[in-house]
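Below is one structure, written out as structure tokens; comments come after it.
The values are calculated or read from the model by the stated rules, or taken from the named source; none is laboratory data. On a predicted model such as this, the values are computed, not experimentally measured, just so you know. Every residue, glycine among them, receives a Cβ derived from its backbone with ideal geometry; neighbour counts consider all protein chains shown. Accessible surface areas use protein heavy atoms only, side chains included; no ligands, DNA or RNA. Shrake-Rupley method; radii C 1.70, N 1.55, O 1.52, S 1.80 Å.
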Amino acid sequence: MPYRLADQVALGPDWPDECVVYDGGSASTHVVTTDAMQVLRVIRSGAGLLPDILRGLDLTGERAEQAEAAEAVQAMLAEFSRLGLVLVRSG
């Protein structure tokens, strides 16, 4: 599925272990991990498909570690979608 950031989403300041995401549509502020923010930034840069997102994260390591990372990213995408931060592109 191709993903994109929702139009009303603003990626906010980074702190040492977490970051802030503001959803202007719901006026909600979300605190996310730095890993989650990295995923959102890669999507904002134009990577919309899971393989492109994973490439944008520049994951290195063993194949098992990469598979585990891919599962974690998929879980993040599902949660971002549930929150309305990330949308599935049409067409």
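Looking at Arg82, Arg41, Arg4, which one is of a type outside the set (Val, Ile, Thr), out of contact with any Pro (no Cβ under 7 Å at 6 or more places or on another chain) and assigned to a strand (DSSP E or B)?
On inspection, the qualifying residue turns out to be Arg4.
Limited to the stretch 13-38, what total is found for residues that are farther than 19 Å from Tyr3 by Cα, assigned to a strand (DSSP E or B) and charged (D, E, K, R)?
So the count comes out to 2.
For the stretch 75-87, how many residues are surrounded by fewer than 13 Cβ atoms within 10 Å (Cβ to Cβ) and either over 20 Å from Ser28 (Cα atoms) or among the polar types (S, T, N, Q) (or both)?
So the first thing to find is which residues in the stretch 75-87 are surrounded by fewer than 13 Cβ atoms within 10 Å (Cβ to Cβ), and the list is 75, 78, 82.
Then keep just the ones that are either over 20 Å from Ser28 (Cα atoms) or among the polar types (S, T, N, Q) (or both); that gives 75.
So the answer is 1.
Of all residues being among the polar types (S, T, N, Q) and under 23 Å from Val88 (Cβ atoms) in the stretch 19-32, which is most open to solvent (accessible area, probe 1.4 Å)? Just the residue, please.
Of everything passing the filter in the stretch 19-32, Ser26 is most open to solvent (accessible area, probe 1.4 Å).
Identify, please: which residue in the stretch 33-72 is polar (S, T, N, Q) and more than 24 Å from Val9 (Cα to Cα) and is, among those, most open to solvent (accessible area, probe 1.4 Å)?
Selected residue: Thr60.
Sort out which residues of the stretch 1-11 are farther than 13 Å from Gly84 by Cβ and surrounded by 14 or more Cβ atoms within 10 Å (Cβ to Cβ), and write them in order of number.
Correct list: Pro2, Leu11.
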